[in-house]
1. Where residues in region 290-319 are of a type in the set (Val, Ile, Thr) and open to solvent by less than 40 Å² (accessible area, probe 1.4 Å), which of them is nearest to Glu146 (Cα to Cα)?
2. Filtering region 115-147 down to residues that are in contact (Cβ under 8 Å) with a residue 24 or more places away in the chain and over 30 Å from Ser305 (Cα atoms), which residue is farthest from the chain's Cα centre (by Cα)?
3. Taking the options Val84, Val70, name whichever one is closer than 20 Å to Ser50 by Cβ, out of contact with any His (no Cβ under 8 Å at 6 or more places or on another chain) and of a type in the set (Val, Ile, Thr).
4. Looking at region 268-283 only, could you name the residues that are in contact with a helix residue (DSSP H, G or I) (Cβ under 6 Å, 6 or more places away or on another chain) and crowded, with 19+ Cβ neighbours inside 10 Å?
5. For region 201-251, what are the residues that are aromatic (Phe, Trp, Tyr) and open to solvent by less than 30 Å² (accessible area, probe 1.4 Å)?
6. Can you pull out the residues in region 21-53 that are touching a strand residue (DSSP E or B) at 6+ places or on another chain (Cβ under 7 Å), over 13 Å from His94 (Cβ atoms) and not basic (Lys, Arg)?
7. Taking the condition over 30 Å from Phe92 (Cα atoms), in contact with a helix residue (DSSP H, G or I) (Cβ under 8 Å, 6 or more places away or on another chain), surrounded by fewer than 16 Cβ atoms within 10 Å (Cβ to Cβ) and modelled with pLDDT of 95 or more, does Asn197 pass?
8. With the requirement that a residue be small (Gly, Ala, Ser), more than 19 Å from Ile285 (Cβ to Cβ) and surrounded by fewer than 23 Cβ atoms within 10 Å (Cβ to Cβ), what does region 149-169 give you?
Amino acid sequence: MRRIISLSFIIAVGLLLSSCQGSENKGNLYKAGMIVEGSIDDNPWNSKGSDGLLAVKKKFKVEIEVIENVKTEEEISKAVSELVNNGVNLIFGHSSTYGESFYELSRNFKDIHFVYFNGNYYNSNLTSMTFNSNAMGFFAGMLASEMSSTNEVGIIAAYQWQPEIEGFYEGVKYQNPNTNVNMEFIYDWNDKEVAINAYQKMKAKGVDVFYPAGDAFNEDIIKQASIDNLYAIGFVTDQFKVEPNTVLTSTVQHVDQLYLLAADMFNKGKLQGQIMSFDFKDDYITLGEYSPNVPKYFQTKLNESIEHYQETGLLPNQY
C-alpha cells in the first residue's frame, strides 16, 4: 500500500533543488506527509496534491512521505501511525473523506497537526481547507449558457452536495433564462464508465456544452466532447491543452498552493484548528486559459464580473 516518492523522482527533484539548499528549516515543521485515496498519478487533483507536497519540500527543506491507496478507516489509522513513527508532524489527507477519521485520530496524536480538504470536521490540531466553489460554478454556468447553440447544457458531478452545482445552475439561468440545465450524478469520484454513460445520455438530449465536475473523469469527457465537436469546461486544473478546440476555459482550484500556505502557517506556529475557506477573492480559485472560440467581449464580461466579485463578494445575480 505504501509508496514513498520513488528514488529516481527524488534524485530528479534533488537536482532541481540543489542550487537552493541552505540551512535546515528552524520552524515547527520537521517532516510533512500525505495520504491519498488512489495514486498520486490517478487524476489532476491527486497530482496537484503531490506538486504541493514537493513545493513544501523545496521551500522548507524538509523530508516528505506519501502513502497511497488509503481508503478505509483501518488503512487511514495504519497510515497515520506509520507517518508519525517516521517523524512526520504535519499530515495532509488529500480528500474530504478523511475528515471524520482525522477528527478521531487528532484526539490521540496531540503533537501532530492534520490538514484535509473540503470538509466540516475540525479540532485544535485539525484544519479543513475548503474551496468555496459556488462562485466558480456560477461563472462556468455563465460561459456554458452563452456558448450553447442548443440552449441545452449539462453538469456531470460526483455528488449532489458539490457547491459548484447550484452555482452552475444559477450562472446558466442568469446568462440566459431559456437555457436548460441537465444534471447527472456519478456517486463516485472515479467511475469513468458511468460518467461517459451520463455524457452520452446528455448528448442524446442535445447538450452541447458540458461541465464535468469530477477530477478523475473530466478529462475522459473532454476528449469525448472533442470527438463529437462539442464544448466542455475544465475542472480543478487548466485543461485547455487537453483539447484546445473543445475546452472553453477551466475552473482551477490551486490546492498545491494551499499545501504551501498550511505548511508556512504551521511552521510559524500560526495554523489553527478551524475551517478555512478559499475563493476567487483569495486567488486560490481562478479561471484558466480561454479558448479563442469564446468571443473577446464575453471574456471581458466574465473577467469584469470576477473582479467585481473579488471586490464585493457579490455575484452578478446579486446586484
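The values are calculated or read from the model by the stated rules, or taken from the named source; none is laboratory data. Remember, it's a predicted structure, so these values are computed and weren't measured experimentally. Counting neighbours? That spans all protein chains shown, and the Cβs are built from the backbone with ideal geometry, glycine included. Heads up: the accessible areas ignore ligands, DNA and RNA and are worked out on the full protein's heavy atoms, side chains in. Shrake-Rupley method; radii C 1.70, N 1.55, O 1.52, S 1.80 Å.
1. Val294
2. So the residue we want is Ser124.
3. Every option except Val70 fails the conditions.
4. Answer for region 268-283, where residues must be in contact with a helix residue (DSSP H, G or I) (Cβ under 6 Å, 6 or more places away or on another chain) and crowded, with 19+ Cβ neighbours inside 10 Å: Leu271, Phe280.
5. Within region 201-251, Phe210, Tyr211, Phe217, Phe235, Phe240 meet the criteria.
6. Within region 21-53, just Leu29 meets the criteria.
7. no
8. If the condition is that a residue be small (Gly, Ala, Ser), more than 19 Å from Ile285 (Cβ to Cβ) and surrounded by fewer than 23 Cβ atoms within 10 Å (Cβ to Cβ), then Ser149 is the only one that fits.
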